[in-house]
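The values are calculated or read from the model by the stated rules, or taken from the named source; none is laboratory data. Only a predicted model underlies this, so the values are computations on that prediction, with no experimental measurement involved. Reconstructed Cβ throughout: ideal geometry from the backbone, glycine too, with neighbour counts over all protein chains shown.
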């Protein structure tokens, strides 16, 4: 069987690669990074992996013991408060969702697959169908920024993120700006505000909420902190020349803290984290797909409906499939996609009626059926996920968000420590 192409070497693409590796199925990963060494572009904080999704995929991939070695089960606490430091409540998480740094997760997955399976420096420019002049068969051709092309795959799996080049083969839908953006900074161990962060957050996470701002502080594996300044703001605000141009730190910090700034009216102890957040800051605009993308395209004009039109030789995972604003489930949904697709493939390839082992077919028909089975499960789950993310926005933004978050966590965990109100 021809190899399966995986475009994108993030958590879901590498999880899928590892799963294929355990089954001895041929595959190639195409990743835009020049090497496995983290680049300035590759940022990211800590991730909580959930028992029934992210952890489940790692168990099936034979990596759970290694995950447990890296996971931080002492980091499952959340401090919630409003913009004035009131209604501060600390929740001791009872659910099974330990933290792991995004870079640690990626490296663990990279270490689990042979180096020759990954082709680095492969930025995808386009993916298109091409007919063979000899056989008339149609196959997908991948064209990369380095001028190379790749073809001859039994299946192409797009794990290439929010701005996926593979997505257009299935739907013309494009991510829509949510009206919200995060600006990311950090607190190193010698930062003047480090001790204050350690006292407030400890090994876990914190979230302070306002009407049009949020402030999240989370500890990393090296005990430094990431600071996320969330804003309801125009999409262009952090671009060159914008009000929060992250290439002009003095201007950006003034827009945050100066007269009329986003955090100007916040409590001094919370403003201090913004003031001390080290650069270079990174802008993270939040996008999502229209949830109606995942409704059936039957009876509509497929070209114009914006809905998902299945194809037998291509599918998507993670943000490429269902980008949405973060609610704690993103990487878990992505890794679960990888597991569902892999299990669908194994079910088909192990099905005696498929005739795969007897040579009655070359495996492509089995993979096509697996894609149908995967998308039958994934599409309604993706729509539900995005709808829940939209609904959850009200829990993280607003004058009364802290009290609503406290009520939600209270109902979920049953363990609350009210420090002051």
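Tabulated data for the structure shown
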quantity	calculated
Enumeration of residues in region 81-103 that are under 30 Å from residue 38 (Cβ atoms), in contact with a strand residue (DSSP E or B) (Cβ under 9 Å, 6 or more places away or on another chain) and either in the same structural domain as residue 315 (by TED's automatic domain parsing) or at pLDDT 85 or above (or both)	97, 98, 99, 100, 101, 102
Check on residue 233, crowded, with 16+ Cβ neighbours inside 10 Å, out of contact with any strand residue (DSSP E or B) (no Cβ under 8 Å at 6 or more places or on another chain), assigned by TED's automatic domain parsing to the domain that holds residue 275 and on the phi < 0 side of the Ramachandran plot	no
Boolean, residue 60 is closer than 21 Å to residue 17 by Cβ, surrounded by 14 or more Cβ atoms within 10 Å (Cβ to Cβ) and more than 21 Å from the chain's Cα centre (by Cα)	no
Among (1) surrounded by 16 or more Cβ atoms within 10 Å (Cβ to Cβ); (2) modelled with pLDDT under 90; (3) more than 27 Å from residue 52 (Cα to Cα), the one test that residue 78 misses	(3)
Residue match in region 173-181 (condition: crowded, with 21+ Cβ neighbours inside 10 Å, in contact with a strand residue (DSSP E or B) (Cβ under 9 Å, 6 or more places away or on another chain) and over 27 Å from residue 295 (Cα atoms))	yes
Checklist (1) crowded, with 20+ Cβ neighbours inside 10 Å; (2) outside any loop (DSSP other than H, G, I, E, B) applied to residue 22, failing item	(1)
